[in-house]
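Notes follow the structure.
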Amino acid sequence: MAYVPLADRDAEMEMHHPHSFIEKYVWSQDHKVIAIQYGSVAVFTGIVGLVLSLMFRMQLGFPETTDFVDPNFYYQAVTMHGMIMVVYFLTAIFLGGFGNYMVPLMCGARDMVFPFMNMLSVWFFLLSVIILMASFFVGGGPTGAGWTLYPPQTAMEGTPGHDMGIILMLVSLAVFIVAFTMGGLNYVVTILQYRCRGMTLMRMPLTIWGIFVATVLGLFAFPALLVAAIMMLFDTLLGTSFFMPAVIEAGTALDHNGGSPILFQHLFWFFGHPEVYIVALPAFGLVSDVLSVHARKNIFGYRMMVWAIIAIGGLSFIVWAHHMYVSGMNPYFGFFFATTTLIIAVPTALKVYNWVLTLWEGDIRMNVPMYFAIGFIFTFIHGGLTGLFLGNVVIDLPLSDTYFVIAHFHMVMGVSPILVLYAAIYHWYPKMSGRMYNETLAKVHFWLTFLGAYAIYLPMHYLGFLGVPRRYYALGTTDFIPQSAQDLNAAITIAALIVGVSQILFFVNIIGSLKWGKKADPNPWGAASLEWQTPDTPPAHGNWGAELPTVYRWAYDYSVPGAHQDFIPQNVSEAEEPTVSDEHFDPDKDQSLADV
Amino acid sequence: MTLAVVIFLLVVATIIFHFASPWWFTDIAADWSTIDLTISITFWVTGFVFIACNLFMAYCVWKFRQKEGHKAVYEPENHKLEAGLSIFTTIGVIAMLAPGLFVWATFVTPPENAAEYEVLGQQWQWQFRYPGADGILGTADTEFVSESNPFGVNPADPNGRDDVIVNDPDMHLPVNQPVKALLRSNDVLHNYTVAQFRVKMDLVPGLTSYLWFDPTEVGTYDILCEELCGIGHFIMRGSVTIDTQEDFDAWLANQPTFAETQSMAAPNLAAGQAQYAACAACHGQNGEGNQALNAPKLAGQQAWYIERQLNHFKVGARGGEGDTNGAQMVAFAGMLTTDEAVRNVAAYISSLPDTPAPTTVTGDIDNGYDIYDRNCAACHLDDGAGTWYTDAPKLSGMSDWYFVTQISNFRAGIRGLHSEDDYGEQMVAMATAMADAQEIADVAAYINTLR
Amino acid sequence: MGLIKTVTEKPWERKGVIGGMRPEGAFDTESERVALVYFLVIASVVFSLFLVSYYIRMELPDWQPLSEPGQLWFNTGLLVLSSVFFQWARNIVVNEEKRNLYTAFFGAGVFAILFIVGQMVTWENLQAGGYYMTSNPANAFYYLMTGLHALHLLGGLWVWSKSSIRLLSGSEPKDIKLSVELCTLYWHFLLLVWLVLFGVLANT
């Protein structure tokens, strides 16, 4: 079976060259335009999610004065906030946005393997978002069953949006999964088949490894959500009893019998836990590259980083029931899942060590992306360590379903990935737009976001220790929750409002710089990986001009002893730059050698 | 540079916050100090890693900041260092996990001598059942659930006859007696949590889950629901009182058995009618109500609700400070000296011909519908008929002006906060769904359309 | 073995061009086939999760097994024939012949359509016999899983119909070779899924 030479694709690429505005920016099949489209839709939903969170934070902080949030809306807001942020914002922006943008560029391809399917993917994603948003406008409003959508309450009278809201949510998720599958197949096949000449798997930047493994995880994990959503739709619409046991709704027995709510939870978390890593792994990859470039040092222990990504990906499929320690499932499962969960801490910790060791003996440039990357390491250490509390099954007994859980997962998969997101946007913005942003504004944005987020979530852990339950519209009167807890809640709300509003700085900077930013250098940070070596900035359609690049080295040749510059781009051949074969190269002792 | 200092300061601030925080675990009231110990171990391990990693990072950021003429060291990897760190991490993980698994092994195997009791969760209240003299709980199923048998105890099961039924959210347990709680739900997932006991578990419809503990401290503790169970999740409250054995026995003896709740004589309507004569002066011969006398319509209201409110007036849970109209009822309710009399009157009132009360309140019906549909219908039902299941009285066709007063009382804290009013606090919370007098009127106007 | 070797290499030590025009680690075949195989893996995950749910739900007390109608044997025969015809068509295009191609390729599709019709008749008969979806979870699973299988088959038929139009409008066998090959692979996969489903449904 002959491999289709890449050169043949060039002719094809010519045919797909867009001609009109609509073809270029709307029905585009260019991975970069699709990436921007994916990103824009994801950011739009993210803003909706953010605004919802500020509204219910107002209720929690200032229940007396917040009239616009009633209990019904509160539950709808927390539900939609959760689902939007996890699925429609973070998953979509990392894989749909960065995945689309980076995969062909970093692999040295002209585009995705199946550009048409790629375009369909973004339109299906938009459709899923429209369906999701439509639930705000139907009778009963969006579902308020919690983002975990646990039956039987999703379909019962006492839950907001139990009629149309939940149906739209499930349909929207199914459409999203279709979109994700089309996009995911593209990333996987492109990474496997469309790397340019010389780009071996181990020469790929960690960003690609992160995206690759996350996509594989997603393709295996999302089916579980699809299966659960289909069965729940059947229960809701057709009256089957997959998940619905015999229950009483407002005094009347419903016509269901024998279903298992816990089965749904197993399916949901079989998707839900890998989902954490679907968000985290691309973030791990992106931040590794940012750290390496700005520390002027190769990522420390590249091989270990790759293995850790693969190990975390694999392990993430056998830890799901740690979300269910107190769900009423067979309690003996706790032994197994606590053990696997704590094992996953080892590769994760190694990644953290290697990020920090990348800084060790580096020549750290404190550029804007580096602020966010280091901020990420700090919040990720914090969020990772609190995970050890919840993963250890007995400690989960007092802490599950309290503010501690909220604080933990926001630190580890809210704040941390979002800091990476900003690091990545500030890092690649010059390449994507050809402009430079305002650094001062970006730094102000960093300080407000980083310190503000820590001010929100650090105290929240302590409310959790106290035992303040999550998903409470109001704390009401209890003997063990003092007034000071309510005051702390108010302080957290103020911090959240500051962080929320300060994101405007980001948008002002990013959008304003498109017009007023000064022209950016094609490779302002001196990065070695392939996406910075394109002939045009921003890269043109087809990415590489007449000839595809050839790769001679890995993506991390920084500060190589004896080299002319402190980085050697991947497409620079050995003839042009010396080779280092000794892995423990001592610059002082071996300098003369290298100079030869 | 700045960032290095800030990271350092954040570590220091975190440590200070940790030790200065007034928000900390509640004083433990059950013999689960092993859980607290596991938490302490985890704090030491994770605390060390947190401080070490971040200080090292801050040091790197400061020490290796960009300098003129300085160049980064080229070192792709250091296998020994990575292996060492892996082993070090693994040891830390084992140090946390091993004790955790031992404690979990104790948790999953309740002791032989643990006394059983049942917790029943339903939207949005707690009820409890004790096994009675035979020590065995009767079987139960949702198919048997009714107003008079909220637990769904199987009437044919002899073991269930002597079960003690606690049909309110306040339960008691004897101190120093290990107990195993059997958890059941009638509708959705709930979670039985007492912060001071440290343990919690979901209630799952269709199966029985469990947890166990050994209460060590006498006192009263809050029971909270910690699994989202619908719009009333945050008002699903109860309390557990740890008593001395004598106090507990005395309390338990006062609670009815299942057999007693089933064999209660049918209410005597004639006796009720006779007693109603005193009520008729204000509430009218047919319970139609009289706004001039501040007497709401009673006819058509559900009997269990009237019974409960009469008892509230008797014990002063209603008609206290700020409720001048209610205060008039205290004396009248006091005339019904026995529980039987209260039940007879309630049954008689409930049997009176139900003609809708005249409408006196106007408002924006659409807005009223919006608020009602979103927040009230979950308990009071779409048609405003109310149901015993959610402890929600009938609203449709009742006196609208009375609705307005009572909602205002709930909002002002005049009604619902008395310790004997087990379900009033739910309305205090839910009444906030109506932001002001206008919105209360809007809802009243909407309810007026439901007749 | 290959994978272990790949991920343990030290990339900073290997300089220069490695691999030819095809990148190291890529599969020696068309991207479309890689994508299809990957899709089949995902579809297997979906069906497996349904089967796992089926077995878990089966343990609960209200389960009443559904006795599968004998007509399913007939339907199975139709699907086998469809697969056989696809294989035949594949062999023809691989050898770049044209004889019997119409018979094989259209026959394959027609048998698949007949299979779906047969499945619909089975559903109708079950409904008429009082085996409603809501009356028991076993019934619900039956409708759900056979329906999902039929949907996958419909998706395949869509691709088949596109290739058929190309064939009718005069395309040469080599033009539709890949399409026929991938359809054949897909059909064999769906036959396998059906046999597993049928086996599980019939034995429980």
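The values are calculated or read from the model by the stated rules, or taken from the named source; none is laboratory data. If you're wondering where the values come from, they're calculated on a predicted model, not measured in any experiment. Positions of Cβ are backbone-derived with ideal geometry, glycine not excepted, and every protein chain shown enters the neighbour counts.
Residue check: A:Leu237 meets all listed conditions (1) over 30 Å from A:Gly375 (Cβ atoms); (2) at pLDDT below 95; (3) within 14 Å of chain B (Cβ to nearest Cβ) but one, namely (3). Of everything in region B:166-204, what is touching a helix residue (DSSP H, G or I) at 6+ places or on another chain (Cβ under 7 Å), more than 21 Å from B:Asp36 (Cβ to Cβ) and in a loop (DSSP other than H, G, I, E, B)? Give them in sequence order. If the condition is that a residue be touching a helix residue (DSSP H, G or I) at 6+ places or on another chain (Cβ under 7 Å), more than 21 Å from B:Asp36 (Cβ to Cβ) and in a loop (DSSP other than H, G, I, E, B), then B:Asn186, B:Val188, B:Leu189, B:Val204 are the ones that fit. Looking at B:Thr432, B:Thr390, just one residue is touching a Cys at 6+ places or on another chain (Cβ under 6 Å) and buried (at least 18 other Cβ atoms within 10 Å of the Cβ), and that residue is B:Thr390. How about region B:65-112: which of its residues are buried (at least 21 other Cβ atoms within 10 Å of the Cβ), assigned to a loop (DSSP other than H, G, I, E, B) and not aliphatic (A, V, I, L, M)? Correct list: B:Tyr74, B:Glu75, B:Pro76, B:Glu77. For region A:511-547, the set of residues classified as of a type in the set (A, V, I, L, M, F, W, C) and surrounded by fewer than 21 Cβ atoms within 10 Å (Cβ to Cβ) consists of A:Ile511, A:Leu514, A:Trp516, A:Ala520, A:Trp525, A:Ala540, A:Ala546, listed by residue number. If the condition is being crowded, with 23+ Cβ neighbours inside 10 Å and more than 9 Å from chain B (Cβ to nearest Cβ), then region A:245-264 contributes A:His256, A:Phe264. Of all the residues in region C:121-141, those that are in contact with a Pro (Cβ under 9 Å, 6 or more places away or on another chain) and on the phi > 0 side of the Ramachandran plot number 0. Is it fair to say B:Arg129 is basic (Lys, Arg) and closer than 30 Å to A:Asp396 by Cα? Yes: the conditions hold for B:Arg129. Scan region A:354-376 for residues that are buried (at least 24 other Cβ atoms within 10 Å of the Cβ) and at the interface with another protein chain (Cβ under 7 Å from one of its Cβ atoms) and the total you get is 5.
Of the residues examined, C:Ile165 is one that is in a helix (DSSP H, G or I) and more than 25 Å from A:Leu233 (Cβ to Cβ).
The condition (being crowded, with 16+ Cβ neighbours inside 10 Å and within 21 Å of the chain's Cα centre (by Cα)) is satisfied by just one residue among C:Ala26, C:Ala112: C:Ala112. Inside region A:510-560, residues that are within 18 Å of A:Ser292 (Cα to Cα) and either outside any helix (DSSP H, G or I) or at pLDDT below 90 (or both) make up a count of 15. Consider A:Phe242 carefully, then state whether it is surrounded by fewer than 24 Cβ atoms within 10 Å (Cβ to Cβ), at pLDDT 90 or above and at the interface with another protein chain (Cβ under 9 Å from one of its Cβ atoms). For A:Phe242, the condition - surrounded by fewer than 24 Cβ atoms within 10 Å (Cβ to Cβ), at pLDDT 90 or above and at the interface with another protein chain (Cβ under 9 Å from one of its Cβ atoms) - is not met.
One line per residue, one yes/no per condition, for (1) under 23 Å from the mean Cα position of the chain (by Cα); (2) closer than 22 Å to C:Glu30 by Cβ; (3) more than 14 Å from chain B (Cβ to nearest Cβ); (4) surrounded by fewer than 24 Cβ atoms within 10 Å (Cβ to Cβ):
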| position | (1), (2), (3), (4) |
| --- | --- |
| A:Thr148 | yes, no, no, yes |
| A:Met156 | no, no, no, yes |
| A:Asp163 | no, no, no, yes |
| A:Val175 | yes, no, yes, yes |
| A:Thr181 | yes, yes, yes, yes |
| A:Gly184 | yes, yes, yes, no |
| A:Phe212 | yes, yes, yes, no |
| A:Ala224 | yes, no, yes, no |
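Only one of the listed residues (B:Trp104, B:Trp126) is among the hydrophobic types (A, V, I, L, M, F, W, C) and assigned by TED's automatic domain parsing to the domain that holds B:Phe258. That residue is B:Trp126. Determine if region A:235-256 includes at least one residue that is touching a helix residue (DSSP H, G or I) at 6+ places or on another chain (Cβ under 9 Å), of a type outside the set (A, V, I, L, M) and assigned to a helix (DSSP H, G or I). Looking through region A:235-256, at least one residue is touching a helix residue (DSSP H, G or I) at 6+ places or on another chain (Cβ under 9 Å), of a type outside the set (A, V, I, L, M) and assigned to a helix (DSSP H, G or I). Kindly provide the set of residues from region A:296-318 that are surrounded by fewer than 23 Cβ atoms within 10 Å (Cβ to Cβ), free of Cβ contacts under 8 Å to residues at least 60 places away in the same chain and either out of contact with any Pro (no Cβ under 6 Å at 6 or more places or on another chain) or closer than 14 Å to A:Leu286 by Cα (or both), ordered by number. Matches in region A:296-318: A:Trp307, A:Gly314, A:Leu315, A:Ile318.
The set of residues in region B:341-360 being surrounded by fewer than 18 Cβ atoms within 10 Å (Cβ to Cβ) and in contact with a Phe, Trp or Tyr (Cβ under 6 Å, 6 or more places away or on another chain) consists of B:Thr360 alone.
Scanning region B:126-147 for residues that are assigned to a loop (DSSP other than H, G, I, E, B), more than 20 Å from B:Val204 (Cβ to Cβ) and within 14 Å of chain A (Cβ to nearest Cβ) yields one hit, B:Glu147. Taking the criterion of being of a type in the set (A, V, I, L, M, F, W, C) and surrounded by 24 or more Cβ atoms within 10 Å (Cβ to Cβ), the residues of region B:180-193 that qualify are B:Ala181, B:Val188, B:Leu189.
Confirm whether C:Gly25 is out of contact with any helix residue (DSSP H, G or I) (no Cβ under 6 Å at 6 or more places or on another chain) and within 30 Å of A:Glu574 (Cβ to Cβ). The answer is no for C:Gly25. For region C:121-146, filtering for residues that are surrounded by 13 or more Cβ atoms within 10 Å (Cβ to Cβ) and part of a helix (DSSP H, G or I) leaves 15.
Being outside any helix (DSSP H, G or I), at the interface with another protein chain (Cβ under 7 Å from one of its Cβ atoms) and among the hydrophobic types (A, V, I, L, M, F, W, C) narrows it down to one residue among B:Phe50, B:Phe25, B:Phe17; which is it?
Criteria check complete, one pass: B:Phe25.
Would you check if there is a residue in region A:451-461 being over 23 Å from the mean Cα position of the chain (by Cα) and either under 29 Å from B:Asp36 (Cβ atoms) or within 8 Å of chain B (Cβ to nearest Cβ) (or both)? Yes, because at least one residue in region A:451-461 is over 23 Å from the mean Cα position of the chain (by Cα) and either under 29 Å from B:Asp36 (Cβ atoms) or within 8 Å of chain B (Cβ to nearest Cβ) (or both).
With respect to A:Val346, determine if the residue is away from every other protein chain (no Cβ under 11 Å) and within 22 Å of the chain's Cα centre (by Cα).
no
As for region B:237-246, it holds at least one residue that is within 14 Å of chain A (Cβ to nearest Cβ), of a type in the set (D, E, K, R) and in a strand (DSSP E or B). Here A:Val78 fits the description: at pLDDT 90 or above, β-branched (Val, Ile, Thr) and crowded, with 16+ Cβ neighbours inside 10 Å.
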